[in-house]
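What follows is one structure encoded as structure tokens, with my remarks underneath.
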Amino acid sequence: MKILWIYILICLTAAGCTEKYSSQINVGSKKFTESVILGEIITQFAKSANVNIEHKKELGGTRILWSALLKGDIDLYPEYTGTIIQELLNGESIKDFNSLKNSLKKYSVEISNPLGFNNTYAIGMNTKLADELGIKNISDLAEYKGLKFGFTNEFMNRNDGWPGLQKKYNLLPDNVAGIDHDLAYRGLENGSIDVVDLYSTDAEIKYYNLKVLKDDLNYFPLYNAVILYRSDLKQKSPNTISLIRRLEDRINEEEMINMNSDVKVNGKPEFQTASEFLSKEFNIELHVQQVSILNELLKNTKDHLTLVLISLFGAILFAVPLGVIAFKNKKTGNIILSVVGIIQTIPSLAILVFMIPFFGIGAEPAIVALFLYSLLPIVRNTYSGLNEIPVQIRESAVVLGLSGKEILRKIELPLASRSILAGIKTSAVINVGTATLGALIGAGGFGQPILTGIRLDSISLILQGAVPAALLAIIVQYLFDLSEKIIVPKGLRIDK
Amino acid sequence: MIKLENISKHYNGTGVLNNITLEIESESTSILIGPSGCGKSTLIRIIAGLIKPSNGKTEINSVPVTKKNINGIRKNIGYVIQEGGLFPHLSGYDNIVLAAKYYKWKQNEIDARVKQLSELTGLDNVLLDKYPTQLSGGQRQRISLMRALMLDPQILLLDEPLGALDPLIRFDLQKDLKEIFNKLGKTVVMVTHDLAEAVYFGDKIILMAEGSIVQNDSPKNLIENPKNDFVKKFVNAQRTYLDFK
């Protein structure tokens with residue numbers, strides 16, 4: 001048994017170590033369009049100089065990207081000066097760009113010069129409503145308590161976000177809700193939200209004809225776009241560094257707004273927008289082929305299955321013995337059941353983020369998180385399946401003189417098999433659904449098109465992820481129903 | 001020989017058995033009888049080693065039963081309970097041979113023993129492949145008896161083995177069981193609440209009440225010389241169709 005555990009540990013560690021020591025450069029981007037476009041520009045630019053580079057796009061928010069950069073899972077990513085100062089280096093006194101540079105050095109992180117545009121936070125409203133109420137400045141908002149505020153979750157919690165804004169302008173609205181940035185625009189359009197946070201380069205400002213309120217008390221700092229990269233990139237790929245230098249001061253605000261609206265409003269793919277920019281600015285003609293929907297689907301299926309199968313298999317190997325221990329020893333059992341129960345109450349997104357410091361980004365942390373999530377149903381069903389065996393049956397086995405091990409193997413586990421299998425089935429189905437969140441930390445899978453679909457407001461993209469995920473859940477359920485015929489002993493399947 | 005010395009059992013301060021001392025002779029049939037809650041089932045489960053007594057000791061063939069040697073001693077004990085206690089996921093055959101396989105008997109030894117036992121219990125061989133849920137109560141008890149006898153133990157413990165059967169099947173099985181006991185010459189201890197059954201089977205009847213033995217005697221003596229009013233009352237609390245007027 002011990003050998004088995006060691007083997008599993010080795011497998012997991014080995015899975016975690018592959019790729020990490022290769023010469024490939026990894027670019028990260030956040031899960032909003034501008035970040036993805038910038039990531040794509042860097043990637044294609046480097047590819048044109050024959051750098052072995054890959055774009056890990058849509059990796060959740062600032063914290064995930066920063067941890068991944070420190071961990072070395074990505075080598076560089078586009079960021080904004082305001083975010084670095086307020087979010088990442090919060091508490092350090094940074095007066096100018098030079099002191100920002102020096103502060104980042106402590107983390108072995110370097111910063112490029114600004115790329116040329118400022119994408120600051122802004123507060124926006126429906127123009128018609130703003131004109132009706134006569135609202136021009138953010139300070140005007142203080143007079144209207146009935147307005148509904150809808151802010152991105154990141155903005156709600158950031159030091160340079162809502163808490164500070166509220167204090168500075170003395171805003172006391174009745175209604176403040178957290179919402180996804182891309183969904184907020186829809187809320188504005190249908191009137192369920194009145195005031196939102198914006199990025200000043202958002203394409204939607206023009207598209208939805210939004211009024212950007214004047215920051216009359218100068219609350220928001222500058223958010224100059226820059227590229228953060230690991231110090232060791234200089235040795236790893238000097239080429240990439242010189243390309244970063246060439247991108248400095250080359251993208252102005254208007255250009256960025258145009259690129260954003262190309263993608264979000266005109267539906268152009270990011271890779272095409274990026275290559276058009278490179279061809280215009282640097283005369284680089286790069287032939288990039290769009291991946292076909294079928295290939296995309298195959299890749300997502302493979303990624304998704306990898307997440308589900310490895311985590312579920314690990315969970316079965318771990319949780320069934322835990323259930324047996326819980327049954328054999330009531331005291332330890334109470335502890336085991338509470339611990340796996342507590343794990344289940346941690347929100348899945350939080351568990352994914354907790355895993356990053358240990359496992360970086362990508363499939364490994366997602367697998368570990370899914371593994372932890374799969375434990376409870378299996379442990380609990382193993383425990384209750386064993387617990388429900390009538391005393392007389394157990395005593396009959398004892399009197400036959402069989403050893404405890406033999407009773408477990410020949411009598412107890414077969415009798416509990418239906419319950420155990422039901423637990424595994426529950427875990428598997430939950431697992432298939434939860435695995436879609438893995439895309440937020442770069443694990444791919446069916447969550448990837450869902451994430452992109454939400455960002456680009458594209459139902460068809462969302463369905464490209466949601467439909468296969470649902471189908472997979474149904475198939476998994478069907479396979480388990482089928483396997484019941486093999487695993488559950490015949491004597492328990494006969495109608496009385 | 002089974003020897004119990006000063007056996008007591010209490011759960012959370014409530015006594016179930018009080019200071020029981022008892023000797024059961026080899027190759028005899030003893031019947032534990034008494035009203036519900038008198039402790040007869042607890043006593044037979046202590047003999048089977050399923051419950052540890054709070055006080056006192058058990059000896060089987062002059063060997064004190066301990067935690068260490070109990071599994072070895074169990075090879076020498078067959079146990080049948082009400083409704084058989086068969087493992088529902090195993091066929092009748094697999095139920096019967098489970099222990100023999102565990103002790104690594106050869107297949108030809110197993111086959112010979114199963115044949116012998118099905119002749120003894122009068123079980124149709126076709127039924128061996130059926131699962132417990134596919135069998136009648138009487139068939140289940142015959143298989144349960146075969147399972148108990150598989151390793152040819154000296155001691156056979158039966159806890160209300162015929163309790164759940166309808167009268168006709170019960171009548172046939174009583175007859176068969178008695179023949180089997182006579183033929184095999186095992187030390188049999190059987191729990192029942194039916195005095196007629198006790199008299200039919202028992203060399204000795206051990207009448208219990210409230211955790212103690214009231215009278216341990218031959219059927220004849222129990223009926224003709226009841227030790228006290230309780231025994232008299234218990235013996236007389238039987239109805240037959242002769243009561244019909």
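The values are calculated or read from the model by the stated rules, or taken from the named source; none is laboratory data. If you're wondering where the values come from, they're calculated on a predicted model, not measured in any experiment. All Cβ positions, even for glycine, are placed from backbone atoms using ideal geometry, and neighbour counts span all protein chains on display. Just so you know, the surface numbers come from the protein's heavy atoms only, side chains and all, with ligands and any DNA or RNA stripped out. Shrake-Rupley method; radii C 1.70, N 1.55, O 1.52, S 1.80 Å.
Quick one: in region A:412-445, of everything that is open to solvent by 30 Å² or more (accessible area, probe 1.4 Å) and among the charged types (D, E, K, R), which residue is farthest from the other protein chains (Cβ to nearest Cβ)? Per the criteria, the residue is A:K425. Which one of these is assigned by TED's automatic domain parsing to the domain that holds A:V339 and not in a helix (DSSP H, G or I): A:I420, A:I411, A:I407, A:I389? Unique residue meeting the criteria: A:I389.
In region B:76-87, the condition of being closer than 30 Å to B:L207 by Cβ, modelled with pLDDT of 90 or more, more than 14 Å from chain A (Cβ to nearest Cβ) and in contact with a strand residue (DSSP E or B) (Cβ under 7 Å, 6 or more places away or on another chain) is met by no residue. The single residue among A:I475, A:I486 that is within 19 Å of A:K425 (Cα to Cα), in a helix (DSSP H, G or I) and within 14 Å of chain B (Cβ to nearest Cβ) turns out to be A:I486. Of note, B:G72 satisfies the criterion of being of a type in the set (G, A, S) and within 14 Å of another protein chain (Cβ to nearest Cβ). When region A:34-57 is filtered for residues that are part of a helix (DSSP H, G or I), of a type outside the set (D, E, K, R) and over 15 Å from A:Y77 (Cβ atoms), the ones remaining, listed by number, are A:Q44, A:S48.
When the residues of region A:254-279 are filtered to those that are open to solvent by less than 40 Å² (accessible area, probe 1.4 Å) and charged (D, E, K, R), which remaining residue is nearest to the chain's Cα centre (by Cα)? Result: A:E270.
Take region A:215-241 and flag every residue that is farther than 17 Å from A:N119 by Cβ, outside any loop (DSSP other than H, G, I, E, B) and either open to solvent by less than 30 Å² (accessible area, probe 1.4 Å) or in the same structural domain as A:N126 (by TED's automatic domain parsing) (or both). Passing the criteria: A:Y229, A:L233, A:T240, A:I241.
Evaluated against (1) away from chain A (no Cβ under 13 Å); (2) in contact with a His (Cβ under 8 Å, 6 or more places away or on another chain), B:G163 falls short on exactly one condition, (1).
Exactly one residue out of A:A177, A:A142 is under 30 Å from A:D262 (Cα atoms) and of a type in the set (A, V, I, L, M, F, W, C): that is A:A177.
Looking across B:S136, B:S118, B:S26, B:S36, one residue alone is more than 14 Å from every other protein chain (Cβ to nearest Cβ), touching a residue at least 12 places away in the same chain (Cβ under 8 Å) and more than 25 Å from B:V214 (Cβ to Cβ). It is B:S118. One residue alone among B:I31, B:I47 is open to solvent by less than 10 Å² (accessible area, probe 1.4 Å), within 11 Å of chain A (Cβ to nearest Cβ) and under 13 Å from the mean Cα position of the chain (by Cα), and that residue is B:I47.
Scanning region B:89-102 finds one or more residues that are within 14 Å of another protein chain (Cβ to nearest Cβ), over 17 Å from B:L158 (Cα atoms) and open to solvent by 60 Å² or more (accessible area, probe 1.4 Å).
Of all the criteria given as (1) within 14 Å of chain B (Cβ to nearest Cβ); (2) crowded, with 21+ Cβ neighbours inside 10 Å; (3) touching a residue at least 24 places away in the same chain (Cβ under 8 Å), the one not satisfied by A:E388 is (2).
For region A:446-492, a residue qualifies if it is in contact with a His (Cβ under 9 Å, 6 or more places away or on another chain) and open to solvent by 70 Å² or more (accessible area, probe 1.4 Å), and exactly one does: A:K490.
For region B:52-63, a tally of residues being open to solvent by less than 20 Å² (accessible area, probe 1.4 Å) and within 14 Å of chain A (Cβ to nearest Cβ) returns 1. Restricting attention to region A:196-214 and to residues that are assigned to a helix (DSSP H, G or I) and not basic (K, R), the residue that is surrounded by the most Cβ atoms within 10 Å (Cβ to Cβ) turns out to be A:E204.
Does B:L4 satisfy the criteria of being away from every other protein chain (no Cβ under 14 Å), among the aliphatic types (A, V, I, L, M) and touching a residue at least 60 places away in the same chain (Cβ under 8 Å)? No; evaluated as a whole, the condition is false for this residue. The residue that is modelled with the highest pLDDT, counting only those in region A:50-75 that are farther than 15 Å from A:M355 by Cα, over 11 Å from the mean Cα position of the chain (by Cα) and of a type in the set (D, E, K, R), is A:D75.
All of A:G333, A:G323 fail the test of being in the same structural domain as A:I441 (by TED's automatic domain parsing), open to solvent by less than 60 Å² (accessible area, probe 1.4 Å), in contact (Cβ under 8 Å) with a residue 60 or more places away in the chain and assigned to a helix (DSSP H, G or I), apart from A:G323. Within the bounds of region A:133-143, is there any residue that is of a type in the set (S, T, N, Q), assigned by TED's automatic domain parsing to the domain that holds A:E255 and at pLDDT 90 or above? No, every residue in region A:133-143 fails to be of a type in the set (S, T, N, Q), assigned by TED's automatic domain parsing to the domain that holds A:E255 and at pLDDT 90 or above.
Inspection of region A:359-376 identifies no residue that is in contact with a strand residue (DSSP E or B) (Cβ under 7 Å, 6 or more places away or on another chain) and in a helix (DSSP H, G or I). Listed by first and then second residue, the pairs linking a residue in region A:105-122 that is of a type in the set (S, T, Y) to a residue that is open to solvent by less than 10 Å² (accessible area, probe 1.4 Å) and modelled with pLDDT of 95 or more, with Cβ atoms under 7 Å apart and 6 or more places separating them unless they lie on different chains, are A:S112/A:V226; A:S112/A:I227. Would it be correct to say that B:I20 is closer than 28 Å to B:Y200 by Cα, open to solvent by less than 30 Å² (accessible area, probe 1.4 Å) and either away from chain A (no Cβ under 14 Å) or of a type outside the set (K, R) (or both)? Yes. Before we move on, is A:G314 outside the structural domain of A:G60 (by TED's automatic domain parsing), of a type in the set (G, A, S) and modelled with pLDDT under 90? The answer is no for A:G314.
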